Amino acid sequence: MAGIGFVLRKLTRKGNIGGFVEAYFHAIFASSGPWILTILTVWAFFIVGDYWRLSEYVEEFRVVILYNFSSSLVLTAPVIMLTTRYLADDFFKMDITKVSSLLIGTLSTQLIVSFPIAFCFYFFYADMTLEMSLLAIINFLLISGIWLTMIFISSIKYYSAITFSFVTGMGLGVLLAYLFSGLFGPPGMLFGFNCGLAFILSSFLAVILAEYTHNVKNIFDFNHFWKKHWIVALSGTCYNLGIWIDKWIMWFSPERRVLPNNLIIYPEYDMAMFVAYLTIIPAMGLFLIHQETSFFEVYVRYYRGIMQHDPLNKIQRSHKDIIDNLMMNGRGVLILQATICVFTLFLAPEIMNILGMNLVQISVFRFGVLGVTFQIISLFLMITLSYFDDKRDVLIIAATFLISNTLFTLLSLNLGFAYYGYGYFMSTVLTFIVAAVLSERYISKLTYHTFVTRNLAMAS
């Protein structure tokens, strides 16, 4: 699934600064598009609400967006992980005849699972008008669809289509939300934003269906993967739950805000963490363009040598190339992220003033910046282990993140405001340590695992 990275890497080799900037600009949306959409949307309406005199509408709109983005990420996680694995297996076999069927089946499965949950939540728990509840459900389904179609659109390598769709859809959504808010209040704002999301989703679907064959049949054929790769689905669910669990727990802090529609929010904590997450975007772009592509090359060389029955000493040299590549890539990501982290920590007051945030959030923001530094490295290690099909260790890392973030955040909540954000930071440090130990243990014995523990002939 690293194909789009190879295309973007070609842009950096044009020999001019324009190609370099263009490549990283597209890489940002290819690697972090939905997440950027989440953060910038919440932040945009948080900041411009007073300027547009929409403050009485923004809070209800913002909380719906926040609930939908967080819950959709968790609920789509198992389907996303299984679909990615299924699609990657088909690409390995050079069989793309099932892609359209997989797309329809994936979206249908998610609709069957998610719609009842969203319907019950917005109609039986949230105290909203009928129009607002219906639009909130539609918003949830649109966001879920974008998460899912990102898998397919990334495999096509049309980086310009991804960037165009996100930039245009985001701009359209914000503009229409402003225009319709003056006529219909919060429902108008949500309707306008939904139009922007619908543009993104429909653009993705159009590109995918135009690229792949339309031979749609057996749309639920991938469901047999649940039994075979349930660990993959569980890992994705645990990791995405880990991302949001500290925010959900902090919604029950004494400083939380209970809205008239019964929804709970703690915007000071959420916004500080969201802005902290923006600091990982450069590292995500670097990983997509350079780190993953260079790793994929040595990875393929290693396993191709095994398939061609290369002598042991040549296989061992390829194994060493993998280790050297991971060390070099890890050092590059660490230096970049650490540099961004240090500058952000020192400039935190200025950054918060520019973004219109309250300085009372500064400790949470700094803990968040430190935490995402460890989290992004742990994520890259999980991706690496996934290449080697080390599903057990990936699950252990994801479960460690979820469990530790839950426990440490609960502890920091009990300790009081001064410790808010500390639980997330400590969780990411622990997760990084576990990820580093498991990765070193597995990759150092990669040849043994390849010929023994992953050998189906010996397993049988």
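The values are calculated or read from the model by the stated rules, or taken from the named source; none is laboratory data. Just so it is clear, the model here is predicted, and its values are computed rather than measured. Heads up, the Cβs are rebuilt from the backbone with ideal geometry, glycines too, and the neighbour counts pull from every protein chain shown.
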Next on the checklist: Residue under question is Phe164, and the condition is that it be at negative phi, assigned to a helix (DSSP H, G or I) and crowded, with 18+ Cβ neighbours inside 10 Å; does it hold?
Outcome noted: no
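Take the stretch 346-356 and flag every residue that is surrounded by fewer than 13 Cβ atoms within 10 Å (Cβ to Cβ) and assigned to a helix (DSSP H, G or I).
Of everything in the stretch 346-356, those that are surrounded by fewer than 13 Cβ atoms within 10 Å (Cβ to Cβ) and assigned to a helix (DSSP H, G or I) turn out to be Phe346, Pro349, Glu350, Asn353, Ile354.
Find the helices (runs of 4 or more DSSP H) located wholly in the stretch 210-320 whose residues include 2 or more that are farther than 30 Å from Thr409 by Cβ, and list them. Explain how you work it out, then say what you get.
Values: elements: 225-228, 230-250, 267-277, 281-286, 292-307.
So the answer is 225-228, 292-307.
Does Thr168 satisfy the condition of being in contact with a helix residue (DSSP H, G or I) (Cβ under 7 Å, 6 or more places away or on another chain) and more than 25 Å from Pro78 (Cα to Cα)? Spell out how you get there, then give the answer.
Working: in contact with a helix residue (DSSP H, G or I) (Cβ under 7 Å, 6 or more places away or on another chain): yes; more than 25 Å from Pro78 (Cα to Cα): yes.
Yes, satisfied.
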Checklist entry - What are the residue pairs meeting all of these: first residue in the stretch 423-437, first residue touching a residue at least 40 places away in the same chain (Cβ under 8 Å), second residue aromatic (Phe, Trp, Tyr) and buried (at least 18 other Cβ atoms within 10 Å of the Cβ), Cβ atoms under 6 Å, and 6 or more apart or on different chains? => result Gly423/Phe408; Phe425/Phe367; Ser427/Phe408; Thr428/Phe374; Val429/Phe374; Thr431/Phe401; Phe432/Phe374
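Are any of the residues in the stretch 111-126 closer than 20 Å to Val207 by Cα and buried (at least 18 other Cβ atoms within 10 Å of the Cβ)?
no
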Checklist entry - Would you pick out the residues in the stretch 142-160 that are at pLDDT 90 or above and over 16 Å from Pro78 (Cα atoms)? => result Leu142
Checklist outcome for this item: Taking the stretch 74-84 and keeping only residues that are crowded, with 21+ Cβ neighbours inside 10 Å and not β-branched (Val, Ile, Thr), one is left with Ala77, Pro78, Met81, Leu82
Checklist entry - When only residues in the stretch 437-449 that are under 25 Å from the mean Cα position of the chain (by Cα) and surrounded by fewer than 16 Cβ atoms within 10 Å (Cβ to Cβ) count, which is nearest to Lys320 (Cα to Cα)? => result Glu440
Next on the checklist: Condition first: over 14 Å from Val58 (Cβ atoms) and in contact with an Asp or Glu (Cβ under 9 Å, 6 or more places away or on another chain). Now tell me which residues in the stretch 172-221 satisfy that.
Outcome noted: Phe184, Phe191
Next on the checklist: Could you tell me how many of the residues in the stretch 365-389 are surrounded by 23 or more Cβ atoms within 10 Å (Cβ to Cβ) and either over 18 Å from Gly330 (Cα atoms) or of a type in the set (Gly, Ala, Ser) (or both)?
Outcome noted: 6
Checklist entry - How do the pairs read when you match residues in the stretch 246-257 that are aliphatic (A, V, I, L, M) with residues anywhere that are surrounded by 14 or more Cβ atoms within 10 Å (Cβ to Cβ), using Cβ under 6 Å and keeping only pairs 6 or more apart or on different chains? => result Ile249/Thr409; Met250/Tyr266; Met250/Tyr269
Next on the checklist: I want to confirm something. Restricting to the stretch 315-338 and keeping residues that are loosely packed, with under 13 Cβ neighbours inside 10 Å and among the basic types (Lys, Arg), which single residue is nearest to Ile377 (Cα to Cα)?
Outcome noted: Arg331
Checklist entry - Looking only at the stretch 390-418, which residues are out of contact with any Gly (no Cβ under 7 Å at 6 or more places or on another chain), surrounded by 18 or more Cβ atoms within 10 Å (Cβ to Cβ) and closer than 17 Å to Arg256 by Cα? => result Leu413
Checklist outcome for this item: Per the list (1) in contact with a helix residue (DSSP H, G or I) (Cβ under 8 Å, 6 or more places away or on another chain); (2) closer than 24 Å to Ile65 by Cβ, residue check on Tyr299 breaks on (2)
Checklist entry - Only one of Ile354, Ile323, Ile306, Ile340 is closer than 24 Å to Met273 by Cα and touching a residue at least 60 places away in the same chain (Cβ under 8 Å); which? => result Ile340
Checklist outcome for this item: Among the residues of the stretch 84-129, the number that are in a helix (DSSP H, G or I), at pLDDT 80 or above and of a type in the set (A, V, I, L, M) is 9
Next on the checklist: Would you confirm, using the coordinates I've provided, whether Phe287 is farther than 30 Å from Ile245 by Cα and of a type in the set (Phe, Trp, Tyr)?
Outcome noted: no
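If you go through the stretch 358-370 one residue at a time, do you hit one that is assigned to a helix (DSSP H, G or I), closer than 24 Å to Ala88 by Cα and in contact with a helix residue (DSSP H, G or I) (Cβ under 6 Å, 6 or more places away or on another chain)? I'd like the intermediate steps shown before the answer.
First, pick out the residues of the stretch 358-370 that are assigned to a helix (DSSP H, G or I): 359-370.
Imposing the further condition that a residue be closer than 24 Å to Ala88 by Cα reduces the set to none.
No; the residues of the stretch 358-370 include none that is assigned to a helix (DSSP H, G or I), closer than 24 Å to Ala88 by Cα and in contact with a helix residue (DSSP H, G or I) (Cβ under 6 Å, 6 or more places away or on another chain).
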Item to check | Residue check, Phe152 of a type in the set (Phe, Trp, Tyr), surrounded by fewer than 21 Cβ atoms within 10 Å (Cβ to Cβ) and not in a loop (DSSP other than H, G, I, E, B) | outcome: no
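For (1) among the charged types (D, E, K, R); (2) more than 27 Å from Ala233 (Cβ to Cβ), each residue gets a yes or a no:
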site	(1), (2)
Val360	no, yes
Val364	no, yes
Arg392	yes, no
Phe401	no, no
Phe425	no, yes
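Just checking, which of Ile28, Ile47 is closer than 23 Å to Leu172 by Cβ, modelled with pLDDT under 75 and in contact with a Pro (Cβ under 9 Å, 6 or more places away or on another chain)?
Values: Ile47 fails: in contact with a Pro (Cβ under 9 Å, 6 or more places away or on another chain).
After ruling out the rest, the residue left standing is Ile28.
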